[in-house]
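The values are calculated or read from the model by the stated rules, or taken from the named source; none is laboratory data. Worth saying up front: this structure is predicted, and the values here are computed from it rather than measured. Positions of Cβ are generated from backbone atoms using ideal geometry, with glycine treated the same way; all protein chains shown enter the neighbour counts.
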Amino acid sequence: MLVRIWLNFCWQKIKVAGIVREKDNPNITHIEDKLELFLADLQNENQIKKILKKVKVDFILHLAGAPSPRISFVDPQTPFKVNVGGLLNVLQAVTEIGIKPRILVIGSAEEYGLVEKNNLPVTEEVPLQPVSPYAVSKIAADFLGLVYFRSHNLQIVRLRPFNHIGPRQEPIFSVASFAQQIAKIEAGVQKPVIKVGNLTAKRDFTDVRDMVLAYFLAAEKGIAGEVYNVGSGKSYKLAKILEILLSFSKIKVKIKKDPKRFQQFDLLDIYCDHSKFTKLTGWQPKYKIEETLFWTLSYWRKIV
């Protein structure tokens, strides 16, 4: 999703190279003429070195990772192997080759974890109190970027993006799951029952197009060594998100709580203060939540 929108946004300015694993489907065949793809695994440092020696790199946008807090409780090792080990291989390769690209390291709002009400909206100074192995792995990657900035003078900019949504997001995430289930019910391939987790939780949702623009601006204008929050600055109850999605459909459904969809530690409310990033870059979220949700549902209707 991100690679495709990134290319649509900036291919006229920048030649883009990307890394995919053999089992991945990059789903970007319609713009492959503007993209150079390499088959590799970030957990293999030698493969990364070969690619970085071959391609003249000005920017590295490190977006790869194991993304699920909930799954990280079932498989706690993978987030550290991928999120920390993968980044370490990239930074080591850059250091040993002796190149100096600008590097964007993507953290997560999950790093903040248990945020007190008096710390809302969340600034970059709020204490990190992680509640999942995934969150700990993202903190480790975040600070690994800071260490390599300080020790090797790498031009590393760190972001902590809050939830972003849109087409092609995996249905292990709530918004994609809601949209997929609605599309399946409409198509008659699922009973009119939508399974949900905690609908009272409130999250800061940003359209992926806004988020990709933020990544682009961070890569261009971000100050090396600094960390920036990126998000809408608003929070929505998941119940409201589901209500909006259902308003785009004529189906009548039952809502059923599924224990498997609940987080082990579910945060009540979190939303960001993105003023530090906005002051630097001028970035502001553009897309309304209703537009993003309709776009997401339309995608799943096509897939189903």
Candidate set from the range 103-122 (those that are buried (at least 23 other Cβ atoms within 10 Å of the Cβ) and out of contact with any helix residue (DSSP H, G or I) (no Cβ under 6 Å at 6 or more places or on another chain)); member that is farthest from F205 (Cα to Cα): I103
Hits in the range 151-174 - residues which are among the hydrophobic types (A, V, I, L, M, F, W, C) and either surrounded by fewer than 23 Cβ atoms within 10 Å (Cβ to Cβ) or touching a Gly at 6+ places or on another chain (Cβ under 9 Å) (or both): L154, I156, V157, L159, F162, I172, F173
If you scan the range 36-93, which residues turn out to be hydrophobic (A, V, I, L, M, F, W, C), out of contact with any helix residue (DSSP H, G or I) (no Cβ under 7 Å at 6 or more places or on another chain) and over 23 Å from Y148 (Cα atoms)? L37, L39, I71, V74
If you go through the range 260-288, how many residues are loosely packed, with under 15 Cβ neighbours inside 10 Å, out of contact with any strand residue (DSSP E or B) (no Cβ under 8 Å at 6 or more places or on another chain) and either among the hydroxyl-bearing types (S, T, Y) or over 29 Å from S72 (Cβ atoms) (or both)? 5
Got a number for residues in the range 146-195 being among the hydroxyl-bearing types (S, T, Y) and over 22 Å from K240 (Cα atoms)? 2
Number of positions in the range 39-53 that are surrounded by fewer than 17 Cβ atoms within 10 Å (Cβ to Cβ) and without any contact (Cβ under 8 Å) to a residue 12 or more places away in the chain: 2
When you go through (1) buried (at least 23 other Cβ atoms within 10 Å of the Cβ); (2) under 21 Å from F277 (Cα atoms) one by one for E125, which number turns out not to apply? (1)
Test P171 against the criterion of being within 22 Å of R209 (Cα to Cα), without any contact (Cβ under 8 Å) to a residue 24 or more places away in the chain and not charged (D, E, K, R), and give yes or no. yes
Output the number of residues of the range 259-304 satisfying the condition of being within 24 Å of Q181 (Cβ to Cβ), at pLDDT 95 or above and part of a loop (DSSP other than H, G, I, E, B). 2
Identify the single condition in (1) farther than 30 Å from K184 by Cβ; (2) free of Cβ contacts under 8 Å to residues at least 60 places away in the same chain; (3) among the acidic types (D, E) that E290 does not satisfy, given that it satisfies every other one. (1)
Reported set for the range 68-123 where residues are basic (K, R) and either free of Cβ contacts under 8 Å to residues at least 40 places away in the same chain or under 24 Å from K221 (Cα atoms) (or both) is K81, K100, R102
Subset tally (residues that are among the hydroxyl-bearing types (S, T, Y) and within 16 Å of F80 (Cβ to Cβ)) for the range 93-137: 4
Within the range 220-237, restricting attention to residues that are under 18 Å from the mean Cα position of the chain (by Cα) and of a type in the set (A, V, I, L, M), which residue is surrounded by the fewest Cβ atoms within 10 Å (Cβ to Cβ)? V227
Can you name the residue in the range 1-20 that is surrounded by 14 or more Cβ atoms within 10 Å (Cβ to Cβ) and at pLDDT 60 or above and is also farthest from the chain's Cα centre (by Cα) among such residues? I14
